[in-house]
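The values are calculated or read from the model by the stated rules, or taken from the named source; none is laboratory data. In this text, all values refer to a predicted model and were calculated from it rather than measured experimentally. Neighbour counts run over all protein chains shown; Cβ positions are idealised from the backbone, glycine included. Surface areas here come from the heavy atoms of the whole protein model, side chains and all, with no ligands, DNA or RNA. Shrake-Rupley method; radii C 1.70, N 1.55, O 1.52, S 1.80 Å.
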Amino acid sequence: MKRAALYLRQSKSSEAGIDRQRERTRQLAEDRGWTVVGEYEDNDVSASKARGAGTAWGRMLADATAGVFDVVVALDLDRLLRTTRDLNVLIDTGAKVITVDGELNLTTADGEFRATMLASIARFEVRRKGERQTRANAQRAAGGGVPKGVRLTGYATDGSVVEDEGRVVRALFEGFAAGDTLRSLSREHDRTPSTVRTILTNPRYAGRRVYKGEVVGTGSWDAIVDGATFDLVQRRLADPRRQTNRTGSTARKALGTSLFRCECGGTVRTAGSGGRYWCPSCGLVRTMAPVDDFVLRVLQRRLQQPDAERPADDAAPLHEEARSLRERRDGLASLLARGLMGLDAVEEQASALTVQIEDVERRIDAAAGPSRVLAESGAADVAGLSLDRQRALIDALLVVTLHRGVRGRRGFDPDTVTLEWR
Ligand SMILES: [Zn+2]
């Protein structure tokens, strides 16, 4: 005695109503001497919509896998399957399948053979489709066609250059080749350093074809930069000395830029021509070099005092902040994997978080003990620290306020710079 399940589905185009489907499938089960142990009824599930776990089809698959019944009875293939792939899924549960119209009958050896053939063909079709896709992509790369997928900044989807984006890409390559840093370029063009790096390392901008990460030839699209510039940029990116060559960033950011205060209460910036601090609020202008020199000398003296070491507890909230930022960055991968975020958005957010993490780490260094920062950096004195480290130390320890100098007075007057310890 077999246990049968009836699968019924009402579709808008179908004439056979649910009642008639039930009647005829039940009749077949009775004729064979089977016990009907379940009815699975889907209403208004369109042919194109997937039948998920919440549908009767989904519950039936689960019950079939659990061995609740031995055979599925449906009126015809149109009721039972949307695609030949559904047959694979059903066969994989181990249940036998039979239709009233006799088209499908897995309860006999003959019918099973026929169904297995159908299912094999369906599997073959699915695999072939995947292969055709991969081959088409490979041919596109090999033939120099425009790569499919995410649109590349600077190019339209048909491979033509988007002029204003192309200008930015060109400016990034030329700027970096000329000595600009990722940081300064990212500020100038309002992109994250990681986005700038991604652009600078993409051979497609030099008209080079890439397949699976390898340059395989020349593309049919217009190059935005010439090969020599591209190669020079790659060499500069790989140069370890670049990390300490700060010419690009120091040109814009000096020791006190956006850090030193003005006597009016504003914050000073680098004057357009460089070399001087300038207050946008009141117009105060001071020459940088003597001010910076004075601040660094005072800082140096301070760090040599025995109480410069601070208790490590001060850094606890910062460690907590860094940990939570790292968790958020790690979480992005799972959002990407689950399809909740796109690759572009994930990259953008990840690099923004990395910038924040680096900032917190600098503050941790400064809080953990200013003299330790100096000792661990290997620098002989404050002047030997990187600009970022110097700024972080000042930010953590000092409030620097600039005042107007006395007109006509020669030389640097220390009274025109006020230093308050935090
Ligand atoms: Zn001012």
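In segment 274-294, the residues that are small (Gly, Ala, Ser) reach residues that are within 13 Å of the ligand (Cβ to nearest atom) and not in a loop (DSSP other than H, G, I, E, B) with C-beta atoms within less than 8 angstrom, at least six apart or across chains, in these pairs: Ser281/Cys262.
Scan segment 251-272 and tell me whether some residue there is modelled with pLDDT under 85, more than 16 Å from the ligand (Cβ to nearest atom) and in contact with a Lys or Arg (Cβ under 6 Å, 6 or more places away or on another chain). Looking for residues that are modelled with pLDDT under 85, more than 16 Å from the ligand (Cβ to nearest atom) and in contact with a Lys or Arg (Cβ under 6 Å, 6 or more places away or on another chain), one finds none in segment 251-272, hence no. For segment 32-48, the count of residues that are surrounded by 15 or more Cβ atoms within 10 Å (Cβ to Cβ) and at pLDDT below 90 is at least one.
Phe69 meets all of the listed conditions (1) open to solvent by 30 Å² or more (accessible area, probe 1.4 Å); (2) at pLDDT 85 or above; (3) part of a loop (DSSP other than H, G, I, E, B) but one, namely (1). Apart from one condition, Glu376 fits all of (1) open to solvent by 60 Å² or more (accessible area, probe 1.4 Å); (2) modelled with pLDDT of 75 or more; (3) not aliphatic (A, V, I, L, M); the exception is (2). For Phe69, the conditions (1) over 10 Å from Ala5 (Cβ atoms); (2) in contact with a strand residue (DSSP E or B) (Cβ under 6 Å, 6 or more places away or on another chain); (3) of a type in the set (Phe, Trp, Tyr) are fulfilled apart from (1).
Conditions (1) surrounded by 13 or more Cβ atoms within 10 Å (Cβ to Cβ); (2) at pLDDT 85 or above; (3) within 30 Å of Gly266 (Cα to Cα), marked per residue:
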position: Ala308; (1), (2), (3): yes, no, yes
position: Arg323; (1), (2), (3): no, no, no
position: Asp330; (1), (2), (3): no, no, no
position: Leu336; (1), (2), (3): yes, no, no
position: Gly339; (1), (2), (3): no, no, no
position: Glu347; (1), (2), (3): yes, no, no
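With respect to the conditions (1) modelled with pLDDT of 65 or more; (2) open to solvent by 40 Å² or more (accessible area, probe 1.4 Å), Asp86 falls short on a single one, namely (2). Once segment 273-287 is narrowed to residues that are part of a loop (DSSP other than H, G, I, E, B), open to solvent by less than 30 Å² (accessible area, probe 1.4 Å) and modelled with pLDDT of 90 or more, the residue that is nearest to Arg404 (Cα to Cα) is Leu284.
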